[in-house]
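Reviewing the structure listed below.
The values are calculated or read from the model by the stated rules, or taken from the named source; none is laboratory data. The model shown is predicted, which means the values in this text are computed figures rather than measured ones. All Cβ positions, even for glycine, are placed from backbone atoms using ideal geometry, and neighbour counts span all protein chains on display.
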Amino acid sequence: MVTFLGAGPGDPELMTLKGAKALQTADVVIYAGSLVNPALLGLCKTGCAVYNSAEMTLEQVLARMEEAHRAGQSVVRLHTGDPSLYGAIREQMDGLRALEIPYTIIPGVSSFSGAAAAVEGEYTLPNVSQSVIITRLAGRTPVPEEEALSSLAQHGCTMVLFLSAGMLDRVQTELLKGAYTETTPAALVYKATWPEEKVVRCPLGKLAETGRTHGITRTALVLVGDFLGDSYERSKLYDPAFTTGYREGTP
């Protein structure tokens, strides 16, 4: 059996209990070495074989999984955050299906959740934004034309950009082609939940300059939107005048 496991955003205590149990009992662990906090490998049992997938191709990863499975060993494929976001797991699952190797998925806490906690923010504030766009700027990996950053920016809602911290000049330019303005609040969250976590806030018009000033070029999320500001409405759910299925509202 192969278990795809979300390691969480970095803090070892943010791995799920189910995930920790899987990691503690695995015979083989293949981890995303470029992003996963190596402290998590301390949960592995003595004798566990550990491989860094940053140094491997898809074919090599699948071959190691197959070898371990045929030998009766349990395998954990350790991904950062939640593996459903930029985890490249679909191609691995398809490969395992072709090899008739069973697998399961244990979700994890995404770094975009860790980043919200780091900025002490709520992505979906009443009368500010009720939608969150999770995306990336096209780089060496392209994005569909209809998902160009300038197009998505037309919505003006909360946006979280992965894998884009090394292209902040382009990020800033493309976002300003949409509904955002030079003064729209933005934040760079470097290594959310890690001991070296850093949060830098700035107006969108200063995003690229701020990134250069603080030396942030990778392993950071870009947060954009008025949810980072101070204006919002109270929720209807807890409004004394709002009737719910559990209490009667009073004028």
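Residue count for region 12-28 under the criterion of being surrounded by fewer than 18 Cβ atoms within 10 Å (Cβ to Cβ) and part of a loop (DSSP other than H, G, I, E, B): the result is 2.
Every condition in (1) small (Gly, Ala, Ser); (2) touching a His at 6+ places or on another chain (Cβ under 7 Å); (3) at positive phi holds for Gly156 except the one numbered (2).
Selection of region 29-59 for residues being out of contact with any Lys or Arg (no Cβ under 7 Å at 6 or more places or on another chain), assigned to a strand (DSSP E or B) and either under 19 Å from His69 (Cβ atoms) or touching a residue at least 24 places away in the same chain (Cβ under 8 Å) (or both) yields Val29, Tyr31, Ala49, Val50. Of all residue pairs spaced 6 or more apart or on separate chains, those with beta-carbon atoms under 6 Å, a first member in region 219-232 that is within 13 Å of Thr184 (Cβ to Cβ) and crowded, with 24+ Cβ neighbours inside 10 Å and a second member that is of a type in the set (S, T, N, Q) and modelled with pLDDT of 95 or more are Val222/Ser164; Gly225/Ser129; Gly225/Thr158. Checking Gly245, Gly215 one by one, the residue that is surrounded by fewer than 12 Cβ atoms within 10 Å (Cβ to Cβ) and either in contact with a His (Cβ under 9 Å, 6 or more places away or on another chain) or not assigned by TED's automatic domain parsing to the domain that holds Ala138 (or both) is Gly245 and no other. If only residues of region 194-251 that are of a type in the set (Val, Ile, Thr) and closer than 22 Å to Gly139 by Cα are counted, the one that is farthest from the chain's Cα centre (by Cα) is Thr210.
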